[in-house]
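Scroll down for the structure; my scribbles are underneath it.
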Amino acid sequence: MTKRDRFLTAINNKQPDRVPVFANLTPQVAKKLGKKLNLPFEAEDSFLSTRLSHVEILNILGNDAVGVGALRETPTIILDNGNALDEFGLEYKTIGLYSEAVVRPLAGKKTVKEIEEYKFPDPHAEQRFSLAEKNISKYSKDYAIIGDLEATVFELAWNLVGLEDFLMDMYMQEPYIETVLDKCMNYNKAIAEKLVDLGCDMIWLGDDVGTQTNMMISPEVYKKMLWPRLKKVVDAIKTKNPKVKVAYHSCGSILEIIPLLIEAGIDVLNPIQPLATGMDLGKFKKEYGKDIAFFGGVDVQGVLPNGSVKDVIEEVKLRISQAGEGGGYILAPAHNIQPDTPLENIYAMYDAVKDYGVY
């Protein structure tokens, strides 16, 4: 099978020739690999840049799919204080290895009128899809194409407002919350439809709603506030092209909402964070394997950064044994590969899939 055929077979919940693999890199890891492989390693200017950057490096490592997505309409600018300002009005400060938002455009805005006055970036801006068009044209013959659209509703909304205020006001059912959620949904729905039109094979939605031990919000609030909006985005994708599969990402412990995700039309669950409470890939495969495919499972909190090469090989073998039978499984780290991960462990993960993932 080609890489494309292998990945498409898996997301259609069938058995390919071997387990496909897909990973993303943090900029620090990409830099190390880029220098080693003599390849470009600069990240693209996007809200979720790691999902659509470093394509050449990842293809050499062994990815079976290529990630594409929406660029920023107007480039991020560096302010006099050294912080970065993006098209949403989010201002970021570099703290350690990561950039954290320190100014949020909807912070303190508590009325529907104030939210309606905030102008979202144009989802149809021509420049937004230039890289996606280029990479789909270049890679779609040999690789499956993933259109990334994580931070679909909840995560984009709270980023604009601030997490603490957003959560409190959501529980208090402040009217402006519905307006923020709808604006985020409509913005990302438009981008999802464009990515389908461009030829993506899978659209990767998501919102981090889990913590290490449980849900960040109750399943009841999720069902009332977030699920209907997720379903609208899924329905829009399926209306555009019923053959396109939809993946959903949430870090943390989210076992309570898996049936809701299946009901919404989600085809692929990601990332099944193995050290989060209750996120048992083997159990999920037995319980939900007829209804949904699985994408992830490899431990990035312990084994990948801290284990030996042998540990990484055993981790890959474990995840394949849990979810590989019958197909419907894409092996992937449960997050972007982090800066403290030895390069030899990255190579070991990819090699182990090839060695032990054959059906």
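The values are calculated or read from the model by the stated rules, or taken from the named source; none is laboratory data. Because the structure is a prediction, the values reported are computed rather than measured. Methodologically, a virtual Cβ is constructed for each residue, glycine included, from the backbone with ideal geometry; neighbour enumeration extends over all protein chains shown.
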> For the stretch 92-109, what are the residues that are part of a loop (DSSP other than H, G, I, E, B), modelled with pLDDT under 95 and either touching a Ser or Thr at 6+ places or on another chain (Cβ under 7 Å) or surrounded by 11 or more Cβ atoms within 10 Å (Cβ to Cβ) (or both)?
Replying inline: Leu97
> Which residues, counting only those in the stretch 240-278, are over 18 Å from the mean Cα position of the chain (by Cα) and outside any loop (DSSP other than H, G, I, E, B)?
Replying inline: Lys240, Glu256, Pro259, Leu260, Glu263
>> Let me confirm something: among Pro75, Pro105, Pro123, which residue is touching a residue at least 24 places away in the same chain (Cβ under 8 Å) and in contact with a Gly (Cβ under 6 Å, 6 or more places away or on another chain)?
In response: Pro105
> Which one of these is modelled with pLDDT of 95 or more, assigned to a loop (DSSP other than H, G, I, E, B) and basic (Lys, Arg): Lys14, Lys35?
Replying inline: Lys14
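Yes or no, residue by residue, for (1) charged (D, E, K, R); (2) closer than 22 Å to Cys184 by Cα; (3) surrounded by fewer than 23 Cβ atoms within 10 Å (Cβ to Cβ):
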site	(1), (2), (3)
Leu198	no, yes, yes
Pro219	no, yes, yes
Lys238	yes, yes, yes
Lys243	yes, no, yes
Ala247	no, yes, no
Ser253	no, no, yes
Pro259	no, no, yes
> Just one of the numbered conditions (1) more than 22 Å from Thr213 (Cβ to Cβ); (2) surrounded by fewer than 16 Cβ atoms within 10 Å (Cβ to Cβ); (3) not hydroxyl-bearing (Ser, Thr, Tyr) is not true of Lys285; which one?
Replying inline: (2)
> Of these, Ile262, Ile257, which one is touching a strand residue (DSSP E or B) at 6+ places or on another chain (Cβ under 8 Å), among the aliphatic types (A, V, I, L, M) and over 28 Å from Phe88 (Cα atoms)?
Replying inline: Ile257
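Quick check: is even one residue across the stretch 131-149 closer than 24 Å to Glu116 by Cα and either surrounded by fewer than 20 Cβ atoms within 10 Å (Cβ to Cβ) or touching a residue at least 40 places away in the same chain (Cβ under 8 Å) (or both)?
Here is the first cut: in the stretch 131-149, the ones closer than 24 Å to Glu116 by Cα are 149.
So of that shortlist, the ones also either surrounded by fewer than 20 Cβ atoms within 10 Å (Cβ to Cβ) or touching a residue at least 40 places away in the same chain (Cβ under 8 Å) (or both) come out as 149.
Scanning the stretch 131-149, I find at least one residue that is closer than 24 Å to Glu116 by Cα and either surrounded by fewer than 20 Cβ atoms within 10 Å (Cβ to Cβ) or touching a residue at least 40 places away in the same chain (Cβ under 8 Å) (or both), so the answer is yes.
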>> Please go through the stretch 281-302 and give me each residue that is under 16 Å from Leu318 (Cβ atoms) and free of Cβ contacts under 8 Å to residues at least 40 places away in the same chain, ordered by number.
In response: Lys283, Phe284, Lys286, Phe294, Gly296, Gly297, Asp299, Gln301, Gly302
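So, Ala30, is that one within 21 Å of Cys200 (Cβ to Cβ), modelled with pLDDT of 95 or more and in contact with a Phe, Trp or Tyr (Cβ under 9 Å, 6 or more places away or on another chain) or not? Break it down stepwise before answering.
Details: within 21 Å of Cys200 (Cβ to Cβ): no; modelled with pLDDT of 95 or more: yes; in contact with a Phe, Trp or Tyr (Cβ under 9 Å, 6 or more places away or on another chain): yes.
Judged against the criteria, Ala30 is not a match.
Can you pull out the residues in the stretch 288-304 that are closer than 22 Å to Asn336 by Cα and either surrounded by 20 or more Cβ atoms within 10 Å (Cβ to Cβ) or within 20 Å of the chain's Cα centre (by Cα) (or both)?
Step one: of the stretch 288-304, the residues closer than 22 Å to Asn336 by Cα are 293-304.
Within the stretch 288-304, Ala293, Phe294, Phe295, Gly296, Gly297, Val298, Asp299, Val300, Gln301, Val303, Leu304 qualify.
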